[in-house]
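The values are calculated or read from the model by the stated rules, or taken from the named source; none is laboratory data. Everything numeric in this text was worked out from a predicted model, so none of it was measured. Positions of Cβ are backbone-derived with ideal geometry, glycine not excepted, and every protein chain shown enters the neighbour counts. Protein only, heavy atoms only, side chains kept; ligands, DNA and RNA dropped before computing areas. Shrake-Rupley method; radii C 1.70, N 1.55, O 1.52, S 1.80 Å.
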Amino acid sequence: MTSEILPDTGTHSREDDSSALVLCIRNFAHIKFTYGCDVAEAVVEQVHLKASEHIDCGWRAVIPQQGDGRILVRRDFSREIRSFSQNLEHEALLVQLGSTPYIVDGTPILVALSLSSENDRESTNVAPSNTHLPLPEISRQAMAEAVEAFRALEENRLVVVWQPIRAIEDGDVLYHEGLARMRMAPDKPDFAAHSSFIPSIERLGLSRMLDRSMVLEAIRLLQQGARGRLGCNISAQSAVCDAYWSMTFDLLAVDPSIASRLVIEITESSEAADPESAREFTQRLRALGCQVAVDDFGFGYSSIARIAALRPDIIKIDRQFLKHARRRIFGNQFFSSLIALSASMAAHVVVEGVEDEGDMKFAHTAGAQWVQGYYLGRPSVYDPANELPASLLTTNEPHVKSSPRSSRRQISKKHFSVDLVEK
């Protein structure tokens, strides 16, 4: 049912305020800086209208007067409220509103959304200084690449390929890492020449949708019978226990056998929104039975203090260290010490970028336990553990097993969307 669009009169009751949420366009400042005030306000209005169309009965959306990219979502106590999990309702709203671009004057623009309490300090922190934003021409190019990636996802052109991580001694597989690749066309096997869309998405703070979809795809394959462990790489920006992960956490909670075979890799190429939130996120994953890996250790925003706080099960040393060590930019002793340092913080250490026999021997001499790279196995479009097709991130998303006392939650067949079906 379409919710009515009501003006913000500022006369809401205390009961209404206690149930008010803030739908925040977190990249509002970036949109305003890059495209101008009129475009930014037009995006807010389009998000507001779409929210009013999708919010279920019992809720109403209001644009406040601050002009900072926030939309208030209030519960209307005069109307019947559905009895679904609140977190799943919030996830459904975020997914429905953030999965496709908004078109303003012919320009497609993606929004990064969050949902929080009206009194939450985080909900007001939405406008970073322009000094932290890329130049407009760089941002426009990044937005174009991000839009193409989201459209590829919608058109079944985004593929998960799997690459093994193997023991250096006997070749045993620790797990297979899922990597996103874009096809030029749905019916063509060729991939795009590079994956620049991933750093573009991360640069614009838009990683949440892609990360969520990648993890759900890995869970789906594990549910379908893929043997061994599968790993997914997510941005440090996504390492937050919020509504985006509600369904994922539910899926893992109802089937510990799936959680025990899932590895979540947190990449350090961008700064975490909040180090404490990232620590809580990894604690939640481990409590569910997942393993946690830190990817690209040594570059980006990684630090010894941050890694120690996350307490990862696996540390993956960035490929540049192996390359530089072999070129004698770093000495052999430095590389060996880096592996030893990593081993003091995690049970398993992986050396990335092993591309030939020389890399393999060098890593072995330095004390590497696990290695990853083309020399050990190229990324494959099939699940290497069970020859299951690593299908596109499309309709076959996971299901939540129902229980006698709970509603059944099922992701619908539309990309990104969540359809909450009460049993």
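From the list F33, F77, the lone residue that is surrounded by fewer than 22 Cβ atoms within 10 Å (Cβ to Cβ) and either closer than 29 Å to F249 by Cβ or at pLDDT below 85 (or both) is F77.
Say whether the condition of being outside any helix (DSSP H, G or I) and either within 14 Å of W162 (Cβ to Cβ) or in contact with a strand residue (DSSP E or B) (Cβ under 8 Å, 6 or more places away or on another chain) (or both) is met by at least one residue in the stretch 207-225. Yes; the residues of the stretch 207-225 include at least one that is outside any helix (DSSP H, G or I) and either within 14 Å of W162 (Cβ to Cβ) or in contact with a strand residue (DSSP E or B) (Cβ under 8 Å, 6 or more places away or on another chain) (or both). Being modelled with pLDDT under 90 and among the β-branched types (V, I, T) is a property that I314 lacks. Restricting A368, A385 to residues that are buried (at least 17 other Cβ atoms within 10 Å of the Cβ), modelled with pLDDT under 85 and part of a loop (DSSP other than H, G, I, E, B) narrows the list to A385. Scan the stretch 244-270 for residues that are aliphatic (A, V, I, L, M) and within 12 Å of the chain's Cα centre (by Cα) and jot them down. Selection gives I264, I266.
Close Cβ contacts (under 9 Å, 6 or more residues apart or on different chains) running from residues in the stretch 334-348 that are among the aromatic types (F, W, Y) to residues that are open to solvent by 60 Å² or more (accessible area, probe 1.4 Å) and assigned to a helix (DSSP H, G or I) comprise F335/R326. Number of residues in the stretch 169-206 that are surrounded by fewer than 20 Cβ atoms within 10 Å (Cβ to Cβ), part of a loop (DSSP other than H, G, I, E, B), aliphatic (A, V, I, L, M) and in contact (Cβ under 8 Å) with a residue 24 or more places away in the chain: the value is 2.
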